[in-house]
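Chemist: There's a structure below that I have some questions on.
Coordinate-derived values only; no laboratory data. Everything numeric here is computed off the predicted structure, so don't read it as measured data. So basically every Cβ, Gly included, is an ideal-geometry build from the backbone, and we count neighbours across all protein chains shown.
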Amino acid sequence: MATVISSVEDLNFGLKDLEPMPAPRKVLLVKPTFYTVEYVINPHMKGNIGEVDKIAAQNEWEHLKAGYEEMGLYTHIMSGKRGYPDMVFCANQSLPNITADGKKQVVMGVMHAEQRKGEVPYIEKVFRDSSYEVIHLDEEKFQDFEGMGDALWHFKKRLIWGGYGYRSSKEVYEHISDTFETPVIALELTSEKFYHLDTCMCILNEDTCLIYPQAFTEEGLKLIKCIFPNVIEASKYEAEVLFACNATSVDGKNVFIQQGCIDVNKKLKDAGFKVHEFSTYEYLKSGGSVFCMKMLLW
Ligand code: ARG
């Protein structure tokens with residue numbers, strides 16, 4: 001039975017009621033060989049067509065990859081595909097799950113922009129080769145769903161935070177909740193620059209998240225605060241320009257984040273996190289940073 005919560009009145013569970021889930025130990029990365037800004041499908045890409053420094057982008061990606069390896073994660077590297085400059089943002093084409101009895105499943109995305117639709121089959125192949133049950137959405141019914149760009153797993157808990165409004169539609173979460181037997185808290189996104197949930201919310205551990213509050217509705221903020229006892233807020237500059245909320249909490253302690261988020265980093269350190277700064281300047285030009293440059297896999 002689907003459980004999609006979009007108002008505090010309907011919230012009939014708290015953090016302590018959620019089922020546990022194992023943490024993923026693998027990370028999928030797509031080589032940036034064909035990465036560039038070639039079209040504009042989000043406001044950050046404006047003015048950046050042809051402006052990517054390819055060598056710098058390659059170096060930034062290599063550093064990030066090394067970072068995951070140092071953390072002891074197994075990296076699964078796949079080639080980029082010519083004609084798909086955004087494929088390096090491999091958080092967007094899928095949403096994987098592991099069931100209570102250890103079965104691996106994935107719901108494939110339906111990309112909102114025509115330019116990105118062709119990325120999905122390549123990512124699907126990775127899941128097929130890794131023995132995931134692959135589930136497709138009925139594209140007549142669900143016109144867009146951008147995977148872990150918008151649907152974020154709570155840290156080690158069976159709960160999905162589902163953003164909607166720009167790249168994913170709210171209706172899809174009923175289906176996902178049903179398929180994964182997982183409650184979903186749906187959050188409406190209200191600001192075009194924060195077009196994916198992962199641009200304005202980062203789940204750091206079971207009870208802490210980092211958000212940019214202005215990207216949510218009041219009801220959304222209430223829902224976030226009902227579940228998370230600790231909510232760290234990013235400033236406009238760090239959220240909008242440095243993509244501070246597109247950070248990744250590798251293990252609930254170590255946080256990977258774009259360089260220079262001085263205010264957020266101080267708050268993270270004060271809350272007991274270990275901050276690892278990475279340069280993703282070339283990817284900010286396309287509206288992405290650390291979080292969306294990978295897919296976590298079980
Ligand atoms: N240029 C890409 C797009 O607009 C960037 C995607 C970044 N992904 C993310 N989850 N924020 O689709």
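Chemist: So if each residue of separation counts as 0.36 nm, and I subtract the Cα-Cα distance between Thr33 and Thr190, what length gain in nm does that give?
Modeler: 53.2 nm
Chemist: I've got another one for you. Identify the residues of the range 62-77 with backbone N under 17 Å of a label point that sits 7 angstrom from the Cα of Ala23 along the Cα-to-Cβ direction, or state none.
Modeler: Only 67-75 pass the distance filter.
Chemist: Sticking with this structure for a sec: If amide H atoms are built 1.01 Å from N in the plane of the peptide, which residues on other chains or at least 5 residues away come under 5 Å of the amide H of Leu204?
Modeler: It is Cys209, Leu210, by chain and number.
Chemist: Quick one: which residues, 5+ away or cross-chain, put their amide H under 5 Å from the amide H of Lys157? H built at 1.01 Å from N.
Modeler: The list, which skips near neighbours in sequence, is Met21.
Chemist: For the range 147-259, I need the span (max minus min coordinate) of the C-alpha atoms along each principal axis, in Å, sorted largest to smallest.
Modeler: 38, 30, 23
Chemist: Further question on the same structure: What lysines does Lys236 reach when the alpha-carbon gap must be under 22 Å and sequence neighbours fewer than 8 apart in one chain are set aside?
Modeler: Lys46, Lys193, Lys222, Lys225, Lys266, Lys267, Lys269, Lys285
Chemist: I need the peptides 228-234, 48-54 ranked by packing, meaning the mean over residues of other C-beta atoms within 10 angstrom, with the highest value on top.
Modeler: Averaged packing, sorted descending, gives the order 228-234, 48-54.
Chemist: Please list 3J(HN,Hα) in residue order for the range 48-55, calculated via the Karplus relation 6.51 cos²θ - 1.76 cosθ + 1.60 where θ = phi - 60°; whole Hz, with x for glycine and proline.
Modeler: With coefficients 6.51, -1.76 and 1.60, one gets 10, 4, x, 9, 7, 8, 4, 5 Hz.
Chemist: Now for a different question. Given a Förster distance of 35 angstrom, what is the FRET efficiency for Glu62 paired with Lys253, based on the Cβ-Cβ distance and rounded to 0.05?
Modeler: Computed FRET efficiency for Glu62 and Lys253: 0.90.
Chemist: Work out how much length Val241 to Glu140 would gain on full extension: take 0.36 nm times their residue separation and subtract the Cα-Cα distance, in nm to one decimal.
Modeler: Result for the pair: 32.8 nm of gain on full extension.
Chemist: Another question, if that's okay. When DSSP beta bridges are limited to those with both residues in the chain, what percentage is antiparallel, rounded to the nearest 5?
Modeler: 45 percent
Chemist: Say we join alpha carbon atoms closer than 10 Å with springs in a Gaussian network model of the chain; which of Ser94, Ser191, Ser286 then has the biggest fluctuation?
Modeler: Among Ser94, Ser191, Ser286, the largest mean-square fluctuation in the Gaussian network model of the chain belongs to Ser191.
Chemist: Let me ask something additional. Points 7 angstrom from Cα along the Cβ direction at Ala113 and Ile262: gap in nanometres?
Modeler: Placing both labels 7 Å beyond Cα along the Cβ direction yields 3.2 nm.
Chemist: Now a separate question. Semi-axes of the equivalent ellipsoid for the range 1-47, please: Cα gyration tensor eigenvalues, times 5, square-rooted, ordered largest first, whole Å.
Modeler: 38, 21, 9
Chemist: With θ taken as phi - 60° and the coefficients 6.51, -1.76 and 1.60, list the Karplus ³J(HN,Hα) couplings across the range 281-292 in order, rounded to whole Hz; mark glycine and proline as x.
Modeler: 3, 5, 8, 4, 4, 9, x, x, 8, 4, 4, 7
Chemist: Using 0.36 nm per residue of separation minus the Cα-Cα distance, give me the extension gain between Ile55 and Val8 in nm, one decimal.
Modeler: 12.2 nm
Chemist: Specify the residue with the greatest mean-square fluctuation among Glu238, Glu146, Glu282, computed from a Gaussian network of the chain linking alpha-carbon atoms under 10 Å apart.
Modeler: Sorting by GNM fluctuation, first place goes to Glu238.
Chemist: Please compute the modelled spin-label separation between Leu15 and Met71, points set 7 Å along Cα→Cβ, answer in nm with one decimal.
Modeler: Distance between label points: 2.0 nm.
Chemist: Separate question: With θ set to phi - 60° and the Karplus curve 6.51 cos²θ - 1.76 cosθ + 1.60, what are the ³J(HN,Hα) couplings of the range 236-252 in order, to the nearest whole Hz, using x for Gly and Pro?
Modeler: So the Karplus estimates, Gly and Pro as x, are 4, 4, 5, 6, 7, 8, 9, 6, 3, 6, 8, 7, 10, 8, 5, 8, x Hz.
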